[in-house]
Amino acid sequence: MSDILIQAASLTKDYALDEGDIVRVLHGLDFTIEAGEFLAIMGPSGSGKSTLMNLLGCLDTPSGGHYFIKGEDTAEMTPDQLASLRSRQIGFVFQGFNLLPRKSLIDNVALPLVYSGVPRLDRARIARAILHEVGLGDRLRHRPGQLSGGQQQRVAIARALVNKPSLILADEPTGNLDTKTSEDILALFDRLHRQGLTIILVTHEADVARHADKILYLIDGRIDRIQVNAHAIQ
Amino acid sequence: MQFSDTFIEASQSMGANRLRTGLTMLGMIIGVASVVLMLAIGQGAQALVTESIASMGSNLFIVLSGTSTAGGVRMGGGTVPTLTYKDTMAIGELESIAAVAPMLPNSAPMVYGANNWTTQVVGTTSEYFDVRDWQPSLGVVFTPTDLRSVNRVVLLGKTVVSHLFGDEDPIGKTLRIKNNPFTVVGVLSSKGQSLDGRDQDDTALIPFTTAQRKVFGNQFPGMVRYAMVKAASAEVMPAAEAQMNDLLRQRHRIRAGMDDDFSIRNLTALAQTAQGATKAMSMMLGAIAGVSLLVGGIGIMNIMLVSVTERTREIGIRMAIGARTFDILAQFLLEALMISLSGSLLGVILGVTIAWLVATTIGMNVVVTLTSIFLAFGVAAAVGIFFGFYPARKAAALRPIEALRYQ
């Protein structure tokens, strides 16, 4: 597997402060991610992890340089083009789950399909199948509030998978979970990775990062080093 | 995103905050109901006035004979027999005049079988029917021959028919007016109440000559109490008035500087004033109701703005999983529109119900037209879009990362 899924070329991001000063958060990052890779991004807080995550997830556009996902350059895209790209290519998993509390699990999981224009009957079928896959097939009509944190995160992962994205972006997915539940969620990520899915996971926990093939260390907006994990070499 | 999905999203969010949605809707309900009700009341009043004016006849003058003075006491209009049948015929010759009817009214008892009824019996000519735009619903009007031959024929108003004949067909029957036998030749169509509330159908019409010679008698032969004059058109009314004035002064040999011994009243001016006043009233009612509709609209905007702020994070999530600007815009706009449309639907129902209650309980004349319902509905929809647009626009313009970070 040597298809390049993501390519960052001199990627920079600046933020304008209220006083008119400009702060550069990312200083020209260059890296590529191949399809099927499991990458962890680590770094202390303030290192630009979240900013990079927003760029990778097409939630924001770079200030300079280019970010290609499957060969498409996001630098010049309009908000709607970015929305369409997110819909087709990216599945998000957040630290705080970010499920819609008033909707049932099946409706939460089916929501991305609504925005990508899948007919109603297919939506229910697909969402049901994926909820089965993450082990919640018997709780389709429950509300998120009726579930434990680990179960909610499974629903969020199901929602991320529903549009068959090229890339799963997980931002501290175990940050709100206890150790045991964290292990379950990471095992789920491992399984998805074995099935060939590309996963990028942002974390500050070394234990979590160990599950990835590669770890990208980000310090002060620059790539400090990229380390390949031992289990990936074998 | 399909429309049906947007619809489901909007209804779910309306259902999630039932009390709030209901209160917002109440603003629209009251606004629309008041517009419908006020328009109904205004149009009812207008219809009443228009009907009264139409029943009176259009472009009308009344020419009254003069006033008399007895020992310094002025006796009022019509007390001196200065206006004659010949005067009225001369007025009829004028170019600006379409028709003239001399009027000789008097109260007289009428008897048919065991029934009796006293009413205003009016001696007039066949031109009266043109002047008043009044045709019989049964039978015929009397003819110039009836006048020449002084025939004892009578046309009856609806009220008189019901008092004397009940359900019987009066045509061809003979009744007595002041003990003179009269043959009923026609029944007048119903005119209802006049502007001042008199029952216009409580009347009987007989030929002028018959009234003068056979029923009332008269110490001044040829004298007319008053004449009803119809001008050829609304435009010539001022000219007609001036011409009649000149003609009568000349015929009565009144020298310059002396007072008229007759008076001419323009009935159309009165009608126009009444019509103008009711129109102004209904416009004012409509405007007041419109303000409450506007307030309802602002209520929608207020709630939608709160809702957008409250659901910022939800909007961020939706954007992250692929919602486009338009999807968010449509969702919030549709929600505002649905609140305003369902509010106006309930408002129309409430307004029509209250209008009906007002009509049945206090007998007020109200007219609910389809136009006023559609008007209220259309304005409400426009208000919904107008006041829903800003909050929806605000939601759609949120940046996903900021919306997601919002606590």
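The values are calculated or read from the model by the stated rules, or taken from the named source; none is laboratory data. Remember, it's a predicted structure, so these values are computed and weren't measured experimentally. Reconstructed Cβ throughout: ideal geometry from the backbone, glycine too, with neighbour counts over all protein chains shown. Please note that ligands, DNA and RNA were not included when accessible areas were found on the heavy atoms of the full protein model with its side chains. Shrake-Rupley method; radii C 1.70, N 1.55, O 1.52, S 1.80 Å.
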Sort out which residues of the range A:83-114 are facing chain B (nearest Cβ under 7 Å), of a type outside the set (Gly, Ala, Ser) and not in a loop (DSSP other than H, G, I, E, B), and write them in order of number. A:Arg86, A:Phe92, A:Leu111, A:Pro112, A:Val114
Can you tell me which residue is farthest from the other protein chains (Cβ to nearest Cβ) among those in the range A:25-63 that are at pLDDT below 90 and loosely packed, with under 15 Cβ neighbours inside 10 Å? A:Pro44
Matching residues in the range A:64-78 (of a type outside the set (S, T, N, Q) and buried (at least 17 other Cβ atoms within 10 Å of the Cβ)) number 3
Inside the range B:198-241, can you point out the residues that are in a strand (DSSP E or B), β-branched (Val, Ile, Thr) and within 18 Å of B:Ala269 (Cα to Cα)? B:Val229
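Taking the range A:115-157 as the region of interest, how many residues are hydrophobic (A, V, I, L, M, F, W, C), within 12 Å of another protein chain (Cβ to nearest Cβ) and open to solvent by less than 20 Å² (accessible area, probe 1.4 Å)? Please lay out each step first, then the result.
Start the filter on the range A:115-157 by keeping residues that are hydrophobic (A, V, I, L, M, F, W, C), which leaves A:118, A:121, A:124, A:126-127, A:129-131, A:134, A:136, A:140, A:147, A:155-157.
With within 12 Å of another protein chain (Cβ to nearest Cβ) added as a condition, the list becomes A:118, A:156.
Applying the additional criterion that residues be open to solvent by less than 20 Å² (accessible area, probe 1.4 Å) yields A:156.
Adding up the residues that qualify gives 1.
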Among the residues of the range A:65-82, the number that are assigned to a loop (DSSP other than H, G, I, E, B), touching a residue at least 60 places away in the same chain (Cβ under 8 Å) and on the phi < 0 side of the Ramachandran plot is 0
Go through the range A:50-109 and give me each residue that's under 23 Å from A:Leu39 (Cβ atoms) and charged (D, E, K, R). A:Asp60, A:Lys70, A:Glu72, A:Asp73, A:Arg86, A:Arg88
Flagged pairs (Cβ under 8 angstrom, 6 or more apart or on separate chains; first in the range B:148-159, more than 22 Å from B:Ser194 (Cα to Cα); second open to solvent by less than 20 Å² (accessible area, probe 1.4 Å) and part of a loop (DSSP other than H, G, I, E, B)) are B:Asn151/B:Phe142; B:Val153/B:Phe142
Among what's in the range A:83-107 and is within 21 Å of B:Arg311 (Cβ to Cβ) and in contact (Cβ under 8 Å) with a residue 60 or more places away in the chain, pick the residue that is nearest to the chain's Cα centre (by Cα). A:Phe92
Scan the range B:245-252 and give yes if some residue there is basic (Lys, Arg) and farther than 17 Å from B:Leu94 by Cα, otherwise no. no
Give the residues of the range B:129-161 that are open to solvent by 60 Å² or more (accessible area, probe 1.4 Å) and closer than 13 Å to B:Ala204 by Cβ, sorted by residue number. B:Arg152, B:Lys158
Mind checking whether some residue in the range B:263-272 is away from chain A (no Cβ under 14 Å), in contact with a helix residue (DSSP H, G or I) (Cβ under 6 Å, 6 or more places away or on another chain) and open to solvent by 40 Å² or more (accessible area, probe 1.4 Å)? no
Do we have B:Ile315 as closer than 26 Å to A:Asn163 by Cβ and either of a type in the set (A, V, I, L, M, F, W, C) or open to solvent by 10 Å² or more (accessible area, probe 1.4 Å) (or both) here? yes
Here the qualifying pairs (Cβ atoms under 7 Å; residues six or more apart or on different chains; first in the range B:375-402 and closer than 19 Å to B:Ile298 by Cβ; second hydroxyl-bearing (Ser, Thr, Tyr) and open to solvent by 50 Å² or more (accessible area, probe 1.4 Å)) come out as none
Looking at the range B:342-360, is at least one residue farther than 19 Å from B:Val35 by Cα and either assigned to a loop (DSSP other than H, G, I, E, B) or more than 12 Å from chain A (Cβ to nearest Cβ) (or both)? yes
Taking the stated definitions as given, is B:Ile328 open to solvent by less than 40 Å² (accessible area, probe 1.4 Å), within 14 Å of chain A (Cβ to nearest Cβ) and not small (Gly, Ala, Ser)? yes
Which members of the range B:113-128 meet the condition of being assigned to a strand (DSSP E or B) and open to solvent by less than 40 Å² (accessible area, probe 1.4 Å)? B:Thr119, B:Val121, B:Val122, B:Gly123, B:Thr124
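Whether any residue in the range B:295-313 is within 14 Å of chain A (Cβ to nearest Cβ) and outside any helix (DSSP H, G or I) is what I want to check. Don't jump to the end; show me each part of the working.
If we filter the range B:295-313 for residues that are within 14 Å of chain A (Cβ to nearest Cβ), which is where we start, we get B:307, B:310-313.
Okay, now just the ones that are also outside any helix (DSSP H, G or I), so B:311.
Taking every residue of the range B:295-313 in turn, at least one turns out to be within 14 Å of chain A (Cβ to nearest Cβ) and outside any helix (DSSP H, G or I).
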If you take the residues in the range A:158-187 that are over 27 Å from B:Ala323 (Cα atoms) and not β-branched (Val, Ile, Thr), which one is nearest to the other protein chains (Cβ to nearest Cβ)? A:Leu177
Restricting the range B:1-19 to residues that are open to solvent by 60 Å² or more (accessible area, probe 1.4 Å) and either part of a helix (DSSP H, G or I) or under 12 Å from B:Leu337 (Cβ atoms) (or both), the residue that is nearest to the other protein chains (Cβ to nearest Cβ): B:Gln12
